[in-house]
Amino acid sequence: MPCLCCDLHVLFDDFLITINPDNWSIQGAPELMKFPDLAALDGRPVQIRGDLRPQFKYIQDHSKAAYAEWNWRSAAIGSSRRESAA
C-alpha cells in the first residue's frame, strides 16, 4: 500500500481517491472535484520509488473497485434526482 498522509489514506481506503495503475497518478472521485485542494491532486503523479511501490495487481484491483464505486454513486445520485423531480 502506498505511504499516504493520514487524511489521504482515509480517502484511499474509502475509494474516494485511487492510483491509476497505468501511469501512477492520483485519480479523484467526481464528488471531490468541488473541493479545490482535492481537485488539484487529480492527475498528479505519485512520488514513490519503483522498488517501494505496492504490487501492480493491488493498485489495479483498488482502482477497478474505486471506479465501480464512483459509477455506482453517480447512478444512485442520478436516480434519486430523477425520483425527486417526478
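Each value in this text was obtained by applying a stated rule to the coordinates, not by laboratory testing. These numbers were taken from a predicted model, which means no experiment stands behind them. Here the Cβ positions follow ideal geometry from the backbone for every residue, glycine too, while neighbour counts run over all protein chains shown.
Along Cα→Cβ, 7 Å out, is where each label goes; now give me the distance between the ones at residue 67 and residue 10 in nm to one decimal.
It is 2.8 nm.
Can you tally the net charge around residue 69? Count Lys and Arg as +1, Asp and Glu as -1, for every other residue whose Cβ sits under 15 Å from the Cβ of residue 69.
-2
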